[in-house]
Amino acid sequence: MKRILLPLVLIITLIACNQKPEGYVINGTLRGDVADGTQVILKKIGENNQPVAIDTVLTTGGTYTFSGKPTTPELHYIFVDKLPGYTVVVLENGEIEISAQKDSLNLAKIKGTIQNDIFSDYMEKSLAMSNRAMSIQKDLQKANIEKNDAVISALSDEMKELQEEHKDFEIDYIKANPNGLISALLIDKAIASRVVPTEDLKALYEGLSPEIKSNKVAENVLQRISFLEEKASNGQNTTVGKKAPNFSAKSPEGKEIALNDILGKVTLIDFWAAWCKPCRAENPNVLAVYKKYHKKGLNIIGVSLDKDGEQWKKAILDDKLEWNQVSNLAYFNDEIAKLYNVDAIPAAFLLDENGVIIAKNLRGDALEQKVAELLN
């Protein structure tokens, strides 16, 4: 019997060791004078992009513990009542150890799970580069006070080199850590900063592990990259010299109007909205050009990015806009705006009689001069 029992115990132990932990445990330690019963709050970012508390515990002897059900890796934030700052932690299945000085929660040491190990490694290396940048900035301030142009120039060049080095560091870090949540977060950061070409962003995303690609951060990254690709494609379709893409939408009266059906010798596509003050300020100029050149062949179609139909109709009446107007009442989610790569208004496209784009975003005197050149 004893010969059978020992291997059986060994097998059970091996199985237990190889099973993935079903849930998370955070064991936190706060150094410094922290009173027992101090609240520690675990938060995450909610739908309104504001921190939302998901759990609260009390300290005992400078320690605290959070535990919960299985979760996919996600950034969370630990706040301590009446203490400044917070600690960023990747909440994931496993046992996470956090050690922090009460007055510098942001510099906490975190270890124990794969994502937190990768995240901590990135933060340590990134912090070293940030400290270098702060040192250069301090020297720059001193050089500016002393009006030392040679030193200012040298330090400015050094700062530019460091910024480029940091960009390369983050790209290399993504490539070296395809299984890190931080890699998806860094791609998202690169999208926001617009310092990396879209095709490079797509390649970085494709290099992520399947597990990270299934994370909602990476799913959002893919959506943003797809949007950039669509935007770039639409941008190519609406350059000067290209045939303007056809579109149709409803007028204030509910009639479907298509661009191709209202083309004149010269046609202006005018993107605007009732809520857009620069658009409303430009409307009298557009109206004056229309009155002067409509009989000679100028047609205009206004594309409103309004959301409120009544405000749109009122603005048309108030500004005495006499040309065709259409809207999907979809703000910047309007399909026509996306088709024309419009992400700011006013925006305008001037077409010839064949519907080819011959100028973009002309306003005031510049618009009248170009229309006069084409129709006089």
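Brief remarks on what is shown
- Filtering ILE145, ILE152 for residues that are surrounded by 13 or more Cβ atoms within 10 Å (Cβ to Cβ), assigned to a helix (DSSP H, G or I) and either more than 28 Å from the chain's Cα centre (by Cα) or not β-branched (Val, Ile, Thr) (or both) leaves a single hit, ILE152.
- Close pairs from the range 86-115: first farther than 21 Å from VAL52 by Cβ, partner crowded, with 20+ Cβ neighbours inside 10 Å and among the acidic types (Asp, Glu), Cβ under 9 Å, at least 6 apart: THR113/GLU92; ILE114/GLU92
- Residue pairs meeting the criteria (Cβ under 9 Å; at least 6 apart or on separate chains; first without any contact (Cβ under 8 Å) to a residue 40 or more places away in the chain and over 16 Å from ASP81 (Cβ atoms), in the range 45-64; second charged (D, E, K, R) and assigned to a loop (DSSP other than H, G, I, E, B)): GLY61/ASP36
- Screening VAL371 on (1) assigned to a strand (DSSP E or B); (2) under 15 Å from TYR290 (Cβ atoms) shows it passes everything except condition (1).
- Tally of residues being β-branched (Val, Ile, Thr) and within 16 Å of GLY32 (Cα to Cα) across the range 88-105: 1
- For the range 288-300, the count of residues that are out of contact with any Gly (no Cβ under 6 Å at 6 or more places or on another chain), under 17 Å from GLY254 (Cβ atoms) and either in contact (Cβ under 8 Å) with a residue 12 or more places away in the chain or among the small types (Gly, Ala, Ser) (or both) is zero.
- Residues in the range 346-375 that are within 31 Å of the chain's Cα centre (by Cα) and of a type in the set (D, E, K, R): LYS360, ARG363.
- For the residues VAL342, VAL286, VAL303, the requirement of being under 35 Å from the mean Cα position of the chain (by Cα) and in a loop (DSSP other than H, G, I, E, B) singles out VAL342.
- Members of the range 71-92 found to be assigned to a loop (DSSP other than H, G, I, E, B), touching a strand residue (DSSP E or B) at 6+ places or on another chain (Cβ under 8 Å) and either surrounded by fewer than 17 Cβ atoms within 10 Å (Cβ to Cβ) or aliphatic (A, V, I, L, M) (or both), listed by number: THR71, ASP81
- Selection from the range 64-99 of residues that are within 17 Å of VAL40 (Cβ to Cβ) and either in contact with a His (Cβ under 6 Å, 6 or more places away or on another chain) or of a type in the set (Lys, Arg) (or both): LYS82, VAL89, LEU91
- VAL221 meets the conditions (1) of a type in the set (A, V, I, L, M); (2) at pLDDT below 95; (3) surrounded by 14 or more Cβ atoms within 10 Å (Cβ to Cβ) in every case but one. The failed one is (2).
- Pair list, Cβ under 7 Å, 6 or more apart: the range 320-345 residue more than 12 Å from ILE269 (Cβ to Cβ), other residue outside any loop (DSSP other than H, G, I, E, B) and of a type in the set (Gly, Ala, Ser): LEU321/GLY302; SER327/ALA249; SER327/SER304; ASN328/ALA249; LEU329/GLY309; ASN341/GLY235
- For the range 354-368, a tally of residues being under 16 Å from THR238 (Cα atoms) and outside any strand (DSSP E or B) returns 4.
- Test: residue in the range 247-270 that is without any contact (Cβ under 8 Å) to a residue 12 or more places away in the chain and under 29 Å from the mean Cα position of the chain (by Cα): no
- The test for being surrounded by fewer than 14 Cβ atoms within 10 Å (Cβ to Cβ), among the charged types (D, E, K, R), in contact with a Lys or Arg (Cβ under 8 Å, 6 or more places away or on another chain) and assigned by TED's automatic domain parsing to the domain that holds ASN354 holds for GLU256.
- Screening ALA273 with (1) closer than 30 Å to GLY297 by Cβ; (2) surrounded by fewer than 17 Cβ atoms within 10 Å (Cβ to Cβ) gives one miss only, at (2).
The values are calculated or read from the model by the stated rules, or taken from the named source; none is laboratory data. The structure displayed is predicted, hence computed values, not measured ones. So basically every Cβ, Gly included, is an ideal-geometry build from the backbone, and we count neighbours across all protein chains shown.
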